[in-house]
Amino acid sequence: MTPATPQVLATAAGLRALPHTGERAVVMTMGALHEGHAALVRAARERVGPGGQVVVTVFVNPLQFGAGEDLDRYPRTLEADLLVAGKEGADVIFAPSGDEVYPGGEPQVRVAAGPMGTVLEGAVRPGHFDGVLTVVAKMLHLTAPDVAFFGQKDAQQLALVRRMVRDLNFPTEIVAVPTVREDDGLALSSRNRYLSPREREDGLALSRALAAGERAADRGPAATLHAARAVLEEAGGLDVDYAALVDPASFTAIEGETWEGEAVLAVAARAGTTRLIDNVPLRFPATGSPR
Ligand code: PAF
């Protein structure tokens, strides 16, 4: 079956006028869609079924980029994005301009991410999560979805979105979708296209570190973190920001050997000028077979 081309909307008024009967799902993106985004759209389509509506937002949000980050060179590939989203069953692409999203210019009133927004990614990128949550809140208002899909790849973002939805009473269910990886383990990211072949090779140490941590998980949290850090210490060519084992609900560090329940092993490093992040969800005591 030839996939239908999604309807493209650029205004809040257009979205408001959009009729729908069944459930509405939203997948928020900054464009440059890859197989990881495709998995989100597929999950959204599966969830709402043929009677529901899948809206994909495409907006490179200036508020979440710090000074000296890659806002200007962030890939903008709307034509290709339409094809990817359409193939996976998106009904509508919402691709607004900056003025449409921020009609009053740079917003004075923003969502504050709180303490969880200041650790790990938030420590390296101050203000990043305030920018993310502000635009996510706006997109939730604009698209009014029953359910929203976010990638596990951005685990801290996912945790903060869940927390915002709970703290600010958004009536939207948040669903996490597992990270999609290349065959050699590299987590898909729109920023992977910046990597030279050498940097890409160096970047594989992140998923290797996570796999080593997973393999050590049956020996407890400390052994898990130690195994991941050992891989990163040995790897050349990377400027490591952190390797951390955290509570997935608060992103506070898991300390001691008595932790029971879910955990996230998260790593971040720079390969050349490109920042790479990755993580793996774990459970203690460990069950199941590691990668
Ligand atoms: O994950 C992303 O691509 C962005 O942070 C999001 C959620 C679309 C907000 O701009």
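Odds and ends about this structure:
- Set of segment 150-167 residues, backbone N closer than 17 Å to the point 7 Å along the Cα-Cβ line of Arg110: 157, 160-161, 164
- Amide hydrogen proximity for Met28: with H placed 1.01 Å from N in the peptide plane, the residues at 5 or more positions away or on another chain lying under 5 Å are Thr57, Phe149.
- Choice from Ala112, Ala244, Ala209 showing the highest fluctuation, given a GNM over the chain with Cα pairs closer than 10 Å: Ala112
- Heavy-atom accessible area ranking, 1.4 Å probe, most first, across Arg125, Arg163: Arg163, Arg125
- In nm, spacing of pseudo-spin labels at Asp72 and Thr118 (7 Å Cα→C-beta vector): 3.2 nm
- Alpha-carbon centroids, segment 62-99 and segment 223-291: separation in whole Å: 29 Å
- Rounded accessible area per residue of segment 127-173, 1.4 Å, Å²: 37 Å²
- Estimated from helical segments only, the mean residue ellipticity of the chain at 222 nm is -10500 deg cm²/dmol, where each DSSP H run of four or more residues counts as -39500 (n - 2.57).
- Remark on Phe65: its backbone amide H falls under 5 Å from none of the residues 5 or more positions apart or on other chains, H modelled at 1.01 Å from N.
- Computed from phi, the 3J(HN,Hα) profile of segment 272-277 under the Karplus parametrisation 6.51, -1.76, 1.60 (θ = phi - 60°) reads x, 9, 9, 8, 10, 10 Hz, with x in place of Gly and Pro.
- Gaussian network model of the chain, Cα within-10 Å springs - most flexible of Val54, Val161, Val109: Val109
- Using θ = phi - 60° in the Karplus curve 6.51 cos²θ - 1.76 cosθ + 1.60, the 3J(HN,Hα) couplings for segment 218-228 round to 6, 9, x, x, 5, 5, 4, 5, 4, 5, 5 Hz; x is entered for Gly and Pro.
- Compared with the dominant Cα axis of the chain, that is its longest principal axis, helix 78-87 is turned about 90°.
- Of Asp154, Asp218, the order by accessible heavy-atom surface (1.4 Å probe, DNA, RNA and ligands excluded), from most exposed downward, is Asp218, Asp154.
- The angle between the Cα long axis of helix 128-143 and the main principal axis of the chain comes to about 30°, on a 0 to 90 degree scale.
- The chain: angle of helix 35-48 to the longest principal axis, Cα-based, in degrees nearest 10: 60 degrees
- A Gaussian network model of the chain, with springs between Cα atoms under 10 Å, assigns the largest mean-square fluctuation among Phe129, Phe251, Phe170 to Phe170.
The values are calculated or read from the model by the stated rules, or taken from the named source; none is laboratory data. Here the structure is a predicted model, which means the values were calculated and not measured. All Cβ positions, even for glycine, are placed from backbone atoms using ideal geometry, and neighbour counts span all protein chains on display. For accessibility, only protein heavy atoms count, side chains too; no ligands or nucleic acids. Shrake-Rupley method; radii C 1.70, N 1.55, O 1.52, S 1.80 Å.
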